Amino acid sequence: MNTEKEISCWSRALYLSLEENPDNYEKIFANLKASLGKKIIYLPAIIKKAEMIYNKEKKAKLYISHDFDKEDIIKKIKEKFKGIDKIEDEIDRDLLAGFRLKTKDILVKASLKDTLIKLKNKIYGYN
Amino acid sequence: MSGLEINWKILLGQIVNFAILFFALKLFVYNPLLSLLKTRREKIEEGVNKSKQAEEKLGQIRDLKEKMERENEAKKKEILLKAQEEAKKRSEELVKKAEEEREALLLKAQKEAEAIKEREAEATKKKIIDNAFLLTEKLLKESIDATKGKEISEDFLSKIKV
């Protein structure tokens with residue numbers, strides 16, 4: 001196994017362990033150090049990679065139609081979609097109204113533009 | 001009457017001479033001449049017979065020729081009739097084939113015209129729908145402000161079920 005692949009494996013393991021037991025982070029790190037042994041030099045890289053995985057897994061992108069106060073909406077989204085910690089927002093006027101939410105796994109289409117596209121496809125008989 | 005007396009010796013001599021002449025003539029002239037005449041008559045009869053046979057054969061040949069001519073004429077007529085029928089049949093077939101091809105072409109053209117018509121209708125319909133949606137989008141874009149946008153976003157969000 002090459003170094004990069006090994007670091008990826010350790011990073012994924014660290015991320016999953018911390019996600020399952022966030023309170024036991026000290027114990028998790030102690031175990032990791034013990035397991036790494038002479039490869040302790042990889043630790044910074046493993047932590048950095050785990051952070052990247054965290055950002056990738058927990059981050060979402062929110063596209064909104066207008067520049068309104070979106071704190072309420074972001075709060076409600078975080079409540080509805082568990083596991084999203086960080087939301088980046090971007091204005092997309094083509095949505096007309098509503099929003100689109102894009103995470104690592106899902107794409108929520110909740111805009112008038114998407115409603116119109118759905119309607120158009122229904123008229124064309126594509127669905 | 002001494003001048004008119006019969007001299008029996010001379011008479012006998014004359015009779016003998018006559019008999020000898022008779023037999024000699026019969027032997028050397030009459031019989032060969034008769035035989036010659038008989039042969040000639042036979043030849044003439046043979047010639048007449050042959051002539052009759054030839055006449056008969058000629059008649060037969062003439063009959064045969066006439067018969068053959070009649071047959072040939074009939075055959076010729078039959079062949080001509082057959083050829084005419086064949087030509088008529090082929091002509092009818094050609095006409096029929098041409099008619100079928102014409103109908104097939106007509107049908108194909110009709111189908112193509114219908115397909116084009118349908119495609120045009122479909123394209124027009126699509127264009128109308130696209131334009132209607134573009135217009136709707138434009139109107140919505142112009143009429144929805146930030147406040148309304150927020151309301152709609154919240155409405156969408158409230159309807160999402162996770």
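Out of B:95, B:48, A:15, whose Cα points farthest toward the positive end of the dipole of the protein assembly as shown (charges: +1 Lys, Arg; -1 Asp, Glu; placed on Cβ)?
Positive-end residue among those listed: B:48.
What is the helix-to-structure angle for A:43-58, meaning the angle in degrees between its Cα long axis and the longest Cα principal axis of chain A, kept from 0 to 90 and rounded to the nearest 10?
The angle comes out near 20 degrees.
Under a 5 Å amide H to amide H cut-off, with H placed in plane at 1.01 Å, what residues pair with residue A:65 once short-range neighbours are removed?
A:92, A:98
Would you mind working out the magnitude of the charge dipole of chain B relative to its Cα centre, with +1 at each Lys and Arg C-beta and -1 at each Asp and Glu C-beta, to the nearest 20 Debye?
For chain B, the charge dipole is close to 1080 debye.
What does the charge dipole of the protein assembly as shown about its Cα centre add up to, to the nearest 20 debye, if the Cβ of each Lys and Arg holds +1 and the Cβ of each Asp and Glu holds -1?
It works out to roughly 820 debye.
Pick from B:136, B:124, B:147: which residue has the top mean-square fluctuation in a GNM of chain B where Cα pairs under 10 Å get a spring?
With Cα springs under 10 Å in chain B, the top fluctuation among B:136, B:124, B:147 is at B:147.
For a quick check, take a GNM of chain B with Cα springs below 10 Å and name the residue from B:53, B:14, B:110 with the largest mean-square fluctuation.
Ranking B:53, B:14, B:110 by mean-square fluctuation puts B:14 first.
With +1 on the Cβ of every Lys and Arg and -1 on the Cβ of every Asp and Glu, and nothing else charged, how large is the dipole of the range A:79-127 about its Cα centre, in debye rounded to the nearest 20?
320 debye
Explain nothing, just compute: Karplus ³J(HN,Hα) = 6.51 cos²θ - 1.76 cosθ + 1.60, θ = phi - 60°, for every residue of the range B:138-146 in order, whole Hz, x for Gly and Pro.
With the stated coefficients, the range B:138-146 comes to 5, 5, 5, 4, 6, 8, 9, 9, 4 Hz.
Tabulate in residue order the Karplus-calculated ³J(HN,Hα) for the range B:6-19, using 6.51 cos²θ - 1.76 cosθ + 1.60 with θ = phi - 60°, rounded to whole Hz; enter x for Gly and Pro.
Whole-Hz 3J(HN,Hα) from phi for the range B:6-19: 7, 9, 4, 5, 5, 4, 5, x, 4, 4, 5, 4, 4, 5.
A plus B alone minus the pair: what accessible area, both sides summed, probe 1.4 Å, in Å² to 100?
2300 Å²
Using θ = phi - 60° and the Karplus relation 6.51 cos²θ - 1.76 cosθ + 1.60, list the HN-Hα couplings for the range B:103-118 in order, rounded to whole Hz, with x at every Gly or Pro.
5, 4, 5, 5, 5, 4, 4, 4, 4, 4, 5, 5, 4, 4, 4, 4
Using the 2.2 N^0.38 Å rule of thumb for compact globular proteins, work out how the protein assembly as shown stacks up: its C-alpha Rg over that value, please.
3.62
Taking the Cα atoms of chain B, report the difference between the largest and smallest coordinate on each principal axis, in whole Å and largest first.
209, 36, 15
Give me the percent of the accessible area of the range B:58-98 that comes from carbon and sulfur atoms, probe 1.4 Å, all protein chains in place.
C and S atoms contribute 57 percent here.
Using a Gaussian network model on chain B with a 10 Å cutoff between Cα atoms, which of B:107, B:11, B:27 fluctuates the most?
Maximum fluctuation in the GNM of chain B, among the listed residues, is at B:11.
Compute and list, largest first, the equivalent-ellipsoid semi-axes of the range B:65-130 from the alpha carbon gyration tensor, each √(5λ) rounded to a whole angstrom.
Here the semi-axes work out to 62, 4, 4 Å.
Loop only by DSSP, 12 or fewer other Cβ within 10 Å of the Cβ. Give me the chymotrypsin sites (Phe, Trp or Tyr not before Pro) in the range A:93-127 that pass, ordered by residue number.
The qualifying sites are A:126.
Considering the range A:1-98, what Rg and Dmax in Å follow from its alpha-carbon atoms?
Just the Cα atoms of the range A:1-98 yield Rg and Dmax of 18.3, 57 Å.
For Cα pairs less than 8 Å apart in space and 6+ apart in sequence, what is the mean separation divided by the residue count of chain A, i.e. the relative contact order in percent?
21 percent
What percent antiparallel are the DSSP beta bridges of the protein assembly as shown, to the nearest 5?
Percentage antiparallel, nearest 5: 60.
When the accessible area of each residue in the range B:141-162 is compared between its chain alone and the complete protein assembly (1.4 Å probe; ligands, DNA and RNA ignored), which residues differ by at least 20 Å², being lower in the assembly?
So the qualifying set is B:141, B:144, B:146, B:149, B:150, B:152, B:153, B:154, B:156, B:157, B:160, B:162.
Put +1 on the Cβ of each Lys and Arg and -1 on the Cβ of each Asp and Glu in chain B; which of B:149, B:17, B:59 then has its Cα farthest toward the positive end of the dipole?
Of B:149, B:17, B:59, it is B:17.
At 1.4 Å probe size, with every protein chain present, just tell me what the per residue accessible area of the range B:112-162 comes to in Å².
Heavy-atom SASA per residue in the range B:112-162 reads 78 Å².
The values are calculated or read from the model by the stated rules, or taken from the named source; none is laboratory data. Owing to the predicted nature of the structure, the values given are computational and were not obtained by experimental measurement. Every residue, glycine among them, receives a Cβ derived from its backbone with ideal geometry; neighbour counts consider all protein chains shown. When the accessible area is computed, the model is the full protein with side chains, heavy atoms only, and any ligands, DNA or RNA have been set aside. Shrake-Rupley method; radii C 1.70, N 1.55, O 1.52, S 1.80 Å.
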